[in-house]
Structure formats: structure tokens, C-alpha cells
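Engineer: The following block contains the structure, expressed as C-alpha cells.
Where a number appears in this text, it was derived from the coordinates with a stated rule and is not lab data. Fair warning: this is a prediction, and the values are worked out from it, not measured in the lab. Neighbour counts run over all protein chains shown; Cβ positions are idealised from the backbone, glycine included.
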Amino acid sequence: MRITMGMVMKQYNTNLNRSLNALNAANQQELTLRKFDKASEDPFSASKAFALRREYLRNQSYQSELNDAADKLTTANSTFLSVKKVLTEAGSGECLQAISDTTSDTGRSAIAKTLRGYQQTILTQMNTQFGDGYLFGGADTNDPPFSVGESGNLLYRGIDVNTGKIEAGSTLSYNGAQITLGDTQFNGYKIQVNTADGATPSVSADTSSKTLTVTLPTGAKNSDILTALKGSSPLSASDNPSVTFDLSKAAISGDMNCPVDTSAQTATATDTIGSEGLKKLANEQTFINIGLGLNTESGSTAINSQSVYNSAIPGISIIGYGTSDGTESGISNNLYTLLGQIADKLDGGENASNFTYSYDEIKPLLDNFNDQSDAVIDKISEYGSKSTFLSTTLTNLTSIGDKVLEKIDSTEYIDFEEAVTAQLYQQSSYNAALKVGSQILQPTFLDFMD
């Protein structure tokens with residue numbers, strides 16, 4: 001086959017352009033150090049890089065959650081130490097240890113005043129705010145967890161820490177909200193919501209089925225239930241007109257904008273959660289995923305608590321709840337309440353005029369105060385262990401994140417020296433191509449004329 005000069009020039013131009021493209025790619029790679037710019041250039045590496053970046057983002061999410069939890073726990077531990085200091089001062093020889101059969105009226109009055117001051121200090125500390133929430137609210141950190149009721153009793157999220165009584169009265173859960181009905185006559189009642197197009201809001205009560213039926217127009221929200229309840233007070237029972245209900249104390253909290261639920265309701269109102277309810281509050285959990293292998297319990301949809309971290313810190317689990325014998329009249333297990341009860345036994349409290357001091361009456365309170373103070377120290381140690389766990393886990397996650405970054409770097413990028421070497425090689429190849437071209441191509445007519 002005869003090879004013409006035109007064929008040679010065409011092949012040469014093709015090879016020269018290929019060399020120029022390779023040189024341009026090498027120049028670009030030298031600038032960016034990337035192995036590829038498009039997934040199509042290296043599908044395997046691109047797929048691997050995507051998986052690595054996803055793993056790295058998960059790692060950063062875990063670290064972020066861990067840092068937040070660690071900061072929260074650090075603040076909590078600081079508060080614990082402050083509470084411990086107050087308890088130590090309260091139990092010192094100048095305070096509780098100074099109480100005896102022979103303590104003077106003046107001495108008892110001074111100690112009582114000091115103890116009530118410690119009460120306020122503990123109350124303030126247990127309402128410590130962290131970020132946008134409150135540290136010791138358990139699973140509900142939106143509002144200050146502790147408050148003082150009308151009778152001076154300590155409340156945790158509106159519930160008496162000693163008896164489990166709900167301060168606001170009879171309450172029930174409904175559709176993501178808490179509806180407070182107030183009077184104890186509502187205990188055992190449930191709320192059933194019905195809707196109809198153009199319906200006028202109304203409420204009816206049936207004593208036999210213990211049901212409050214709320215009728216609302218289609219499209220109503222939880223907040224409309226409260227409007228209907230308050231607008232129906234006083235309310236006579238439909239099956240027994242002699243029975244009337246006062247709904248003026250009705251209130252609602254939670255998800256107010258949620259569309260009402262017209263399905264059959266089973267939750268009933270109650271004015272107490274009892275000792276078991278207090279125990280549940282003290283053991284509330286708020287799980288966060290920190291890379292422990294999130295999974296569920298075998299044969300269940302419940303989250304395996306070993307695969308997540310519980311970030312909830314219920315305040316009553318720290319300063320105590322319930323009573324020593326489980327009865328409403330028993331000695332309180334709550335340190336705030338104990339300080340107040342001891343103070344009242346020292347100076348009579350509101351009944352000072354008819355008060356007779358008795359060391360025998362105050363001794364059981366002092367003993368339980370010491371026991372509950374020791375329990376606080378145990379809790380401090382428990383949360384100290386949690387801090388160590390978080391610190392160790394964060395160190396491990398940081399190390400893993402660094403290694404993933406190294407893998408990403410080796411998958412997507414090349415060394416600078418390698419990029420420079422490749423660029424120099426392509427530059428030399430291109431220069432050689434130009435030199436060869438000048439040697440094998442025939443001079444043009446213009447070159448000849450020149």
C-alpha cells in the first residue's frame with residue numbers, strides 16, 4: 001500500500017493532538033492533584049470515594065453528637081459538684097451535725113434559715129440551662145424542670161416529687177399533647193373527638209362510659225379542643241343532668257397544631273402517676289447515635305440501649321424522689337424536701353406559735369438526709385464514668401475519621417511529586433512529537449520559497 005504524505009500528516013496531527021490533550025490533562029492534574037474529575041474517568045475509584053465520603057460524614061455526625069453530649073455532661077458534672085458542696089455544708093458540724101437535744105431556740109432558728117437558703121440554691125442549680133434547654137429535665141428539656149407548688153412542695157415537671165401527684169390536677173395524654181382537665185372528678189375519663197363538616201364546637205359528658213365527647217368541624221387542630229372545653233363550662237352529664245363538670249381549669253400543652261385524632265382513645269385522665277410513674281421519670285432515656293452500631297432488640301422494634309448513648313439526665317434521679325416507705329406521709333427521699341422538713345422541725349415553720357421541738361422527731365429526717373446525700377455521691381461517680389466513656393469514644397472516632405480522610409486522599413488525589421513527574425513526562429513527549437514532525441514532514445511551498 002502506498003503511503004502518501006497526506007496520510008502521514010493526518011496520522012501525525014492525530015497523535016500530536018492526543019499528546020497535547022495528555023499534556024493539558026497533566027497540567028490540570030498538577031494544579032488540582034485530583035486523580036479524576038469525572039466518575040466516568042475512573043468508575044471504581046469514584047465509587048470507592050463516594051463510599052468513603054459517606055463514611056466520613058457519618059463519622060463527623062457522630063463526633064458532633066458526642067461533643068454536644070460531652071459538653072452537656074461536663075456542665076452537669078460541674079453542677080453536681082456544686083450540689084455536693086451544698087450538701088456537705090448542710091451536713092457539716094456548723095449545721096445539721098450541730099443539732100441535738102440541747103440546741104437553743106436561737107441556734108435552731110439560725111440553722112433552719114440556713115437550710116432554707118440551701119433549698120433555694122439546690123432549686124436554682126437543678127434548673128441549670130444549657131444551650132436552648134435545661135440540663136435536668138430528662139426527656140423534656142424545654143422548660144425549667146423544677147418548681148415549687150402552692151403548698152411549698154417541690155414539683156418536677158409539674159409533678160410532686162414525693163407523692164407523684166399532678167399539681168394541675170386530672171390530666172391525660174391525647175394525640176401528642178397533654179390535656180389537663182383539673183378536678184379529680186375527671187379521673188378515669190377519656191376524651192373522644194369527632195369531626196363533621198360545618199359542625200359547631202361542643203362537648204358532652206357521659207358518666208357511665210366516663211367519656212368526654214368533643215365535636216369539632218373538619219380540619220380542627222388540638223388547640224381547638226381546649227377552646228371547646230373552656231366554652232362548655234359548666235357542663236352537665238348527658239346521662240345524668242344532676243352531675244356537672246367544671247372545665248374552667250382546662251389546659252393543653254404539647255403539639256397544639258396537630259390535626260385532631262378521631263380514632264378511639266384509650267388514655268384516661270389521672271391526677272397522680274404514683275411511685276411507679278416517678279420511677280419512670282427518673283429513668284427516662286433520650287437516645288443519640290454515636291456510632292455504637294445502632295440496632296433494635298431481637299424480635300422487637302425497640303432500640304437496643306447498648307447500641308446508643310442515653311443523653312437524658314433526669315433531675316429527680318439526682319436529688320431523689322418518693323418516700324422511704326412508699327407512702328405519701330413517709331419520710332421524703334428528696335433532698336430539697338428533706339432540708340425543708342428538717343427546717344420546719346427546727347423552728348415550726350408556719351406553725352411556729354404552736355411548735356414544740358423534739359430531737360426524736362428530727363432524727364429520722366437527719367438519717368435519711370445522710371443516706372440520700374451518699375446516693376448523690378454515687379450518682380456523681382456514675383456520671384463521671386459516663387464522661388470517661390464519652391472521652392474515650394470521641395478519641396476513637398477522631399482516629400477513625402483521620403484514617404478515613406487518609407483513604408479519601410489516597411483514592412481521589414495523587415502526590416505533588418507524582419503530578420510534577422507526569423507533567424514533565426507529557427511535556428517531554430509533546431516536545432519530542434514536535435521535533436519528529438519537523439524532521440519527517442516535507443517542507444511546504446512557502447518554506448521552500450522562504
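Engineer: Placing unit charges on C-beta atoms (Lys and Arg positive, Asp and Glu negative, everything else neutral), compute the dipole magnitude of the range 166-271 about its Cα centre in debye, rounded to 20.
Structural biologist: Around 40 debye, computed over the range 166-271.
Engineer: Same structure, new question: Once fully extended, how much extra length lies between Asp197 and Thr218, figured as 0.36 nm per residue of separation less the alpha-carbon to alpha-carbon distance?
Structural biologist: 7.0 nm is the gain from fully extending Asp197 to Thr218.
Engineer: Using 0.36 nm times the number of residues separating Ala352 and Met9, minus their current alpha carbon distance, what extension gain do you get?
Structural biologist: The span from Ala352 to Met9 would gain 111.8 nm if fully extended.
Engineer: Put a dot 7 Å past each Cα toward the Cβ at Lys280 and Leu81; how far apart are the dots in nm?
Structural biologist: 3.7
Engineer: OK, next. Summing +1 for each Lys or Arg and -1 for each Asp or Glu, what net charge is found among the other residues whose Cβ lies under 12 Å from the Cβ of Ser311?
Structural biologist: -2
Engineer: Another one. Going down the list Lys279/Lys386; Lys165/Lys210; Lys165/Lys379; Lys72/Lys113, which pairs span over 28 Å between their C-alpha atoms?
Structural biologist: Lys72/Lys113
Engineer: Now for a different question. Which whole-Hz ³J(HN,Hα) couplings does the range 275-282 yield from phi under the Karplus relation 6.51 cos²θ - 1.76 cosθ + 1.60, θ = phi - 60°, glycine and proline marked x?
Structural biologist: 5, 5, x, 4, 4, 5, 4, 6
Engineer: Please give me, ordered by residue number, the GluC sites (Glu not before Pro) of the range 31-138 that lie in loop per DSSP and have at most 12 other Cβ atoms within 10 Å.
Structural biologist: Sites meeting the loop and neighbour criteria: Glu94.
Engineer: Counting only residues 5 or more places away or on other chains, whose amide H sits under 5 Å from the amide H of Phe146 once H atoms are built in the peptide plane?
Structural biologist: Answer set, sorted by chain and number: Arg157.
Engineer: If you don't mind, another one. R0 = 30 Å: FRET efficiency of Asp409 with Phe44, Cβ-based, nearest 0.05?
Structural biologist: The calculated FRET efficiency here is 0.95.
Engineer: OK, next. In degrees between 0 and 90, to the nearest 10, how far off the longest principal axis of the chain does helix 359-412 point, with axes built from Cα atoms?
Structural biologist: Result, in degrees: 10.
Engineer: Between Tyr174 and residues 5 or more places away or on another chain, which pairs have amide H atoms under 5 Å apart, with H built 1.01 Å from N, and which residues are they?
Structural biologist: Amide H neighbours of Tyr174: Ile179.
Engineer: How large is the helix-only mean residue ellipticity at 222 nm for the chain, computed as the sum of -39500 (n - 2.57) over DSSP H runs with n ≥ 4, divided by its residue count, in deg cm²/dmol to the nearest 500?
Structural biologist: Taken over the chain, the calculation gives -16500 deg cm²/dmol.
Engineer: Quote the relative contact order of the range 166-271 in percent (integer), defining contacts as alpha-carbon pairs under 8 Å separated by 6+ residues.
Structural biologist: For the range 166-271, the relative contact order is 38 percent.
Engineer: If you plug each phi of the range 136-152 into the Karplus form 6.51 cos²θ - 1.76 cosθ + 1.60 with θ = phi - 60°, what whole-Hz ³J(HN,Hα) values come out, in order, with x for Gly and Pro?
Structural biologist: Working through the residues one at a time gives 10, x, x, 7, 10, 10, 6, 10, x, x, 10, 8, 10, x, 4, 8, x Hz.
Engineer: Apply the Karplus parameterisation 6.51 cos²θ - 1.76 cosθ + 1.60, with θ equal to phi minus 60°, to every residue of the range 288-304 and state each ³J(HN,Hα) to the nearest whole Hz, in sequence, with x for glycine and proline.
Structural biologist: After applying 6.51 cos²θ - 1.76 cosθ + 1.60, I find 10, 8, 10, x, 9, x, 3, 7, 9, 5, 4, x, 9, 9, 6, 5, 6 Hz.
Engineer: Extension gain Asn295-Thr398, at 0.36 nm per residue separation less the Cα-Cα distance, in nm?
Structural biologist: 34.8 nm
Engineer: Taking the alpha-carbon distance from Lys38 and a cut-off under 18 Å, which lysines remain once sequence neighbours fewer than 8 residues away in the same chain are dropped?
Structural biologist: Answer for Lys38, where 18 Å is the Cα cut-off: Lys48, listed by chain and number.
Engineer: How high is the relative contact order of the chain, in percent, counting Cα pairs under 8 Å that sit 6 or more residues apart?
Structural biologist: In percent, rounded to a whole number, it is 22.
Engineer: Mind checking which aspartates and glutamates have their C-alpha under 19 Å from Lys403, skipping anything on the same chain fewer than 8 residues away?
Structural biologist: Glu55, Glu412, Asp415
Engineer: Next question, about the same structure. Under 10 Å, Cα contacts only: if you run a Gaussian network model on the chain, which one of Ser373, Ser238, Ser298 comes out with the highest mean-square fluctuation?
Structural biologist: Among Ser373, Ser238, Ser298, the largest GNM mean-square fluctuation belongs to Ser298.
Engineer: Sticking with this structure for a sec: About its Cα centre, how strong a charge dipole does the chain have in debye, to the nearest 20, once Lys and Arg get +1 and Asp and Glu get -1 at the Cβ?
Structural biologist: 1620
Engineer: Continuing with this model, one more query. For helix 5-32, report the angle its Cα long axis makes with the longest principal axis of the Cα atoms of the chain; keep it between 0 and 90° and round to the nearest 10°.
Structural biologist: 30
Engineer: Positive end of the charge dipole of the chain (Lys, Arg +1 and Asp, Glu -1 on Cβ, about the Cα centre): tell me which of Thr200, Gly91, Ala432 has its Cα farthest that way.
Structural biologist: Ala432
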